[in-house]
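Just so you know, all these numbers are worked out from the coordinates, no wet-lab data involved. In this text the structure is predicted, and so the values were computed from the model without any measurement. Cβ placement follows ideal geometry from the backbone for every residue including glycine, while neighbour counts extend to all protein chains displayed.
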Amino acid sequence: SLGLEGYIASNGSYAEIDGKIMFDYPIENIKLTELLEYFDDNKIDYILEGQKESYVVNITGGKIREIIDEANIEEGCFVDKYAFMKHPGGKSFEMYIGKYTKGYGIEQLITKLGISKEDTYAFGDGENDIEMFQFVKYGIAMGGHHERLKEHAYDFTENVENEGIYEGLKKLKLI
């Protein structure tokens, strides 16, 4: 709905261009079942991210509600299907199959499209953006970025709320 021609999602395990799926590497059902049982047994909150929807049981629960509100995600993006409980310590993290990082996703996509690594740019602010910055030529760290991302950044820009991507693209003379 953003009018993008393409995007890489799910930490590099999914890419779509012009409505066509370029690749999709979901977590296998057997491994997913093991993870869900572990989370339930250990009372760990979780959101299962899908391409169209994400799955939760109680969208009003503590930390999950905070994440949804902070990311400004519409409740219509969630399906009441899987459980999450109160996560000790209030911290959150992402889990993914180690092979599928944002860097891997970019590598797969530019290979399929025949784009030179010299013409690659990425914007990010999280620790999970390190692999992406290690792969692209120009990794731009956004305002409020994770401290570990700094050493991998080519340059810096504002955060999303302050039009960081737009400002970064202007600074790079791409617009």
Exercise for the section: Within segment 17-43, count every residue that is assigned to a loop (DSSP other than H, G, I, E, B), without any contact (Cβ under 8 Å) to a residue 60 or more places away in the chain and out of contact with any Lys or Arg (no Cβ under 9 Å at 6 or more places or on another chain). Expected result: 5
Practice task
Please determine, by comparing only the residues of segment 21-43 that are among the β-branched types (Val, Ile, Thr) and within 20 Å of the chain's Cα centre (by Cα), which one is nearest to TYR7 (Cα to Cα).
Solution key: ILE21
